[in-house]
């Protein structure tokens, strides 16, 4: 492969490369390694171009997702803030269905606290308290992430361009109003094939998931996007993600938000 120059790279090309990798289930190496000009601004532009492509194929936006909301993951990646990405109806995994392995490269599961918005939320300038006032209810979720990069090895800009390693997600059976639950203390046990492998509380998500929602509203607001009523907001992994192996079962057990189980297919 001949060396590419910055003039041959742009957000549209990045989006096309990653969408092709996603649809062909072909992992690749870091784009930023090939093109140091991949900045966060370019990566977010690639995200939006990819979303336009998804919409042209009939997908509709169901919400947004955050990544790198735990301090441990931020330190691991050498960053100081989370990132945001899009969710569409093609990413919804109906309860009871197995993980669609025929669509994914190397799926991993992580438990999350999710919000469903009851009214629009427009940043910038949104506080955590204002963000929570826009929430209709809280629920649990398991997100099945799926990077298009080999071995999940990427930079922050790589991940953002790849729509924060989006795969599919399933939400839980229990709904709570925000005043019915202490989200910073809401605990989760992550179980794989009957063994508890990790645990966390909502405080792992930027100290409180409301901070993640405020960050998302402000980050999207700076891009001219309003978070709409009815949208799902996945606030980011509470624990490390675990590989979803063929035939395995991954469960997340929450204190107040019930349990979710996904089968590896």
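A few notes on this one:
- Of all residues making up the stretch 55-72, the number that are surrounded by 22 or more Cβ atoms within 10 Å (Cβ to Cβ) and at positive phi: 2
- Matching entry among 38, 66 (being in contact with a helix residue (DSSP H, G or I) (Cβ under 6 Å, 6 or more places away or on another chain), assigned to a loop (DSSP other than H, G, I, E, B) and touching a residue at least 40 places away in the same chain (Cβ under 8 Å)): 38
- Residue pairs whose Cβ atoms lie under 6 Å apart, separated by 6 or more positions or on different chains, with the first residue in the stretch 76-101 and over 12 Å from residue 157 (Cα atoms) and the second surrounded by fewer than 13 Cβ atoms within 10 Å (Cβ to Cβ) and modelled with pLDDT of 95 or more, are 89/60.
- Condition broken by residue 93, with the remaining ones in (1) at pLDDT 95 or above; (2) touching a helix residue (DSSP H, G or I) at 6+ places or on another chain (Cβ under 8 Å) satisfied: (2)
- Hits in the stretch 78-94 (condition: in a loop (DSSP other than H, G, I, E, B) and within 19 Å of residue 41 (Cβ to Cβ)): 78, 79, 80, 81, 82
- Test result for residue 52, surrounded by 20 or more Cβ atoms within 10 Å (Cβ to Cβ), modelled with pLDDT of 95 or more and within 22 Å of residue 231 (Cβ to Cβ): no
The values are calculated or read from the model by the stated rules, or taken from the named source; none is laboratory data. No experiment lies behind these values; they were computed from the predicted model shown. Using ideal geometry, Cβ is built from the backbone for each residue, glycine included, and neighbour counts are taken over all protein chains shown.
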